[in-house]
């Protein structure tokens, strides 16, 4: 009994330290976003209650074009999410359930680009996009983010679909269901958590991408939050109240989405590694 | 992919799937060849859009980038270029900043991935304990992983500010005021901070993934070992670790790629400075292309990165174990 409670104590101590390291920086950011700049400048650990304010948020939303950046981020990330789930699930269904000649080669060519350096891809990509007239357009950015997240999405969805017993398809086929019907009536409902995780993954990557947007977006009409935040951080060095508030604004949507999917996240993300 | 797990270890895979042949083989014999061919054609049609996007927007640019690396293409006039052979590569090898970036990239990737595996195993050991409230800890574990990298960078820059950063405030409060500094501005600490940001973001992902895999290890293996008098260290070494080999391999391959490829952490936090102290291949190549306008030269650097990535993935596979091993 004594041993058991010692173990309990050590476990909690370990968890406490781990989670303090993970969460305190985020907590500090959030608290600071509600402090006035003067309050932050005092360098005090705990602000007085009277120092708490919403001014930072009001100032952030008063910035020129801030809603354009927010809308760009939302439009691009959600489009990428739907495109990736759609194209990825069709592809994964083919790889999981169809006897295709050259399947290994197909699998390789979908997964391999996952290992290509983005900074290398970006160079010809820019030339390609400018020849297609897609530089500084939403469509260009949506296509870009789709192409970089699709390999991983197909990999994990194929793993997910492989885990669905084939007997279910067979039964549906015998009942007169078409191949596409099997996808919609059997695979999609059963693999819904997997589809959500694939969508979440695509959303998070697109929402947070700085590298591709920094080159392919050339005006405020296509800029997303990460670009705006970076510009903001470098131009307003002293106004940390505003910077932290802007950061919280960029975090909130992914956090809300995360709270919906967190239970399935890891099972989904590593599904591609499951027995094939 | 022929990647296999010894045990279906993730909650979603609890339905054990048999190794039966693909559905076509088990369909009634009455189906004619033409039906099978139509069936396969439908499969290709389903895959076509995804393959087109990936080949067109990933594979083609990469091949084109390899080609560009042998030219003197410039961003100022991308449509006129001439072939220059290995000239870009020769220049890279004599460029001291490229060499520094190369070393930084390798050091960062190795140290980040090795530390992440070790810390991830530690975190998995905590998360697998069935103590009250553990579900709460498990559910929020990945919170740092979903943050956009720019926000993680803001958080760390804010924490390490010279006068008003939390780290310095704490140091001063503890009477260690002499240790305070502008952390990101100090060449000795800037690189360390980049490493810390990688750990902060990725370790929980390892922890949760390893924990999920540990849950699938049959308990009787541990019971039998305990009866045989194996110490907890021996049980970890001989039961846990071998059973985690495949998930470790998957995580290592994913994060070798992530870390070597990662541009955002370095570029957004230090921009490669102070005085190249944190310059890595990704940021160096980006600057050559988009500030130096030398697309051909930058592509050559990118090709070297590609080669390193492929070699590291092969190396991880060799070290940790074969994919197809039973």
Diffusion coefficient, µm² s⁻¹, Stokes-Einstein with Kirkwood Rh over alpha-carbon pairs of the range B:228-285 at 20 °C and 1.002 mPa s: 151 µm²/s
Separation of the residue A:54 and residue B:310 label points, Cα + 7 Å toward Cβ, nm: 5.7 nm
C-alpha long axis of helix A:118-132 to longest principal axis of chain A, angle in °: 80 degrees
Part-to-part distance (alpha-carbon centres) for the range B:82-136 and the range A:1-72, which is given in Å: 28 Å
Descending semi-axes in whole angstrom, ellipsoid equivalent of the range A:43-106, from the Cα gyration tensor: 50, 17, 8
Ascending count of other beta-carbon atoms within 10 Å, so fewest first, for A:168, B:281, A:100: A:168, A:100, B:281
Label-point separation in nm, residue A:131 to residue A:24, each point 7 Å along Cα→Cβ: 5.4 nm
5 Å binning of all Cα-Cα separations within the range A:2-55, expressed as whole percents from 0 upward: 4, 18, 19, 14, 10, 10, 9, 7, 6, 3, 0
Normalised convex hull volume, the protein assembly as shown, alpha-carbon set, Å³ per residue: 182 Å³
Helix axis angle, A:225-235 relative to chain A longest principal axis, alpha carbon, degrees: 30 degrees
Translational diffusion of the range A:58-273, µm² s⁻¹ [Kirkwood Rh, Cα pairs; Stokes-Einstein; 20 °C; 1.002 mPa s]: 113 µm²/s
Relative contact order for the range B:95-320, counting Cα pairs under 8 Å that sit 6 or more residues apart, in percent: 30 percent
Euclidean distance between Cα centres, the range B:171-193 to the range A:186-225, Å: 36 Å
The range B:264-318 and the range B:37-54: distance between their alpha carbon centers, rounded to Å: 35 Å
Structure-based [θ]222 nm, chain B - -39500 (n - 2.57) summed over DSSP H runs of at least 4, per residue, nearest 500: -19500 deg cm²/dmol
Taking B:130, A:103, B:287 and counting other C-beta atoms within 10 Å, the order from fewest to most: B:130, A:103, B:287
Per-pair calculated FRET efficiency, R0 = 45 Å: residue A:74 and residue B:37 via Cβ, rounded to 0.05: 0.55
With eigenvalues of the C-alpha gyration tensor scaled by 5 and rooted, the range B:64-197, Å: 41, 24, 15
Computed label-point distance, nm, for sites residue A:170 and residue B:55 using a 7 Å Cα→Cβ extension: 3.3 nm
Rg to Rh, two decimals, where the range B:95-320 supplies the alpha carbon set and Rh follows Kirkwood: 1.04
Two-site FRET efficiency, residue A:180 against residue A:6, from Cβ-Cβ distance with R₀ of 60 Å, rounded to 0.05: 0.55
Relative contact order computed over chain A (Cα-Cα under 8 Å; 6+ residues apart), in percent: 31 percent
Cα-Cα separations in the range B:240-326 greater than 15 Å, expressed as whole percent: 65 percent
Candidates A:42, A:224, A:144: whichever shows maximal mean-square fluctuation once chain A is modelled as a Gaussian network with Cα springs under 10 Å: A:42
Rounded FRET efficiency, nearest 0.05, which uses the C-beta distance separating residue A:234 from residue A:139 and R0 of 30 Å: 0.55
Intensity falloff of the range A:149-191 expressed as log10 I(q)/I(0), Debye formula with alpha-carbon point scatterers, at q = 0.14, 0.23, 0.27 Å⁻¹: -0.34, -0.75, -0.92
Exposure proxy order (Cβ contacts within 10 Å, fewest to most) of B:267, B:293, A:19, A:210: B:293, A:19, A:210, B:267
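None of the figures in this text is laboratory data; all of them are computed from the coordinates on show. None of the values given here were measured: they were computed from a predicted structure. No Cβ is skipped: glycine too gets one built from the backbone with ideal geometry, and neighbour counts run over all protein chains shown.
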